[in-house]
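The values are calculated or read from the model by the stated rules, or taken from the named source; none is laboratory data. Bear in mind the structure is a predicted one, so any value in this text is a computation, not a measurement. Neighbour counts run over all protein chains shown; Cβ positions are idealised from the backbone, glycine included.
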């Protein structure tokens, strides 16, 4: 198990990638602290982890609220004695509109959650990473391959990508690694909603929409969220102990950096 004896905090534990990250981290031996605004999914994940013999605890948290973020870190230390890993996956999408047409309030909300929320979580856990640790920020292929309607989301993720490199530089002398996993299409609840919405708009089947997306990458399918979670856990683990300030593209080959 690549995360044996690790204590991992995961933000944004919702029905898609966040839940998969938490479940897989527990299966890999980590004790997991879940953070999300909604407690429904967290409760299900806690129960599933416990049923499999693992340990997980959920904490209601809006990453824009420093007191709630501090409570997450405090819970980790009180319950498990330390923090060794953090995954910043909390996000807010401002809507599929052109950047200049996206209301400023929604843009600021995305930036507050994606960038400032990640920084707040990092501030809260770093003092407890006394023996070193690993932080993984979850990015998006929309910053690499612009797609109309993704501008408001992408600019917030791009800011977090820049922060990742600076944090790697600034925290390295504490033995803390900071990396980014840049995800593309994820076959989970969000993409399934998109398939239904697009199929209805265009008058075609969901399978046709799926096939169009899948044809863009060499592997010939939309990567599953559970499989993509594995790439994030690799960056958390000691298998990547000499990797920091790096970007790992996880998209089935749809985007290949030069």
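Within region 161-170, the set of residues being within 16 Å of residue 120 (Cβ to Cβ) and touching a helix residue (DSSP H, G or I) at 6+ places or on another chain (Cβ under 7 Å) comprises 163, 167. In region 217-245, which residue that is in contact with a helix residue (DSSP H, G or I) (Cβ under 8 Å, 6 or more places away or on another chain) and in a loop (DSSP other than H, G, I, E, B) is surrounded by the most Cβ atoms within 10 Å (Cβ to Cβ)? In this case the residue turns out to be 222.
Report yes if residue 212 is modelled with pLDDT of 95 or more, assigned to a loop (DSSP other than H, G, I, E, B) and over 14 Å from residue 21 (Cβ atoms), otherwise no.
Answer is no for this residue.
Of all residues in region 76-93, those being closer than 17 Å to residue 112 by Cβ and surrounded by 24 or more Cβ atoms within 10 Å (Cβ to Cβ) number 3.
Please work out which residue is nearest to residue 181 (Cα to Cα), limiting yourself to region 193-214 and to residues that are surrounded by fewer than 15 Cβ atoms within 10 Å (Cβ to Cβ) and within 25 Å of the chain's Cα centre (by Cα).
193
Among the residues of region 215-233, which ones are under 13 Å from residue 16 (Cα atoms) and touching a residue at least 12 places away in the same chain (Cβ under 8 Å)? Scanning region 215-233 gives 223, 224, 225, 226, 228, 229. Among the residues making up region 248-258, those that are buried (at least 18 other Cβ atoms within 10 Å of the Cβ) and either within 22 Å of residue 170 (Cα to Cα) or touching a helix residue (DSSP H, G or I) at 6+ places or on another chain (Cβ under 6 Å) (or both) are 250, 251.
Looking only at residues of region 155-176 that are surrounded by fewer than 16 Cβ atoms within 10 Å (Cβ to Cβ) and free of Cβ contacts under 8 Å to residues at least 24 places away in the same chain, we find that the one that is farthest from the chain's Cα centre (by Cα) is 173.
Taking the residues in region 133-147 that are free of Cβ contacts under 8 Å to residues at least 60 places away in the same chain and more than 14 Å from the chain's Cα centre (by Cα) as candidates, determine which candidate is surrounded by the most Cβ atoms within 10 Å (Cβ to Cβ).
In this case the residue turns out to be 133.
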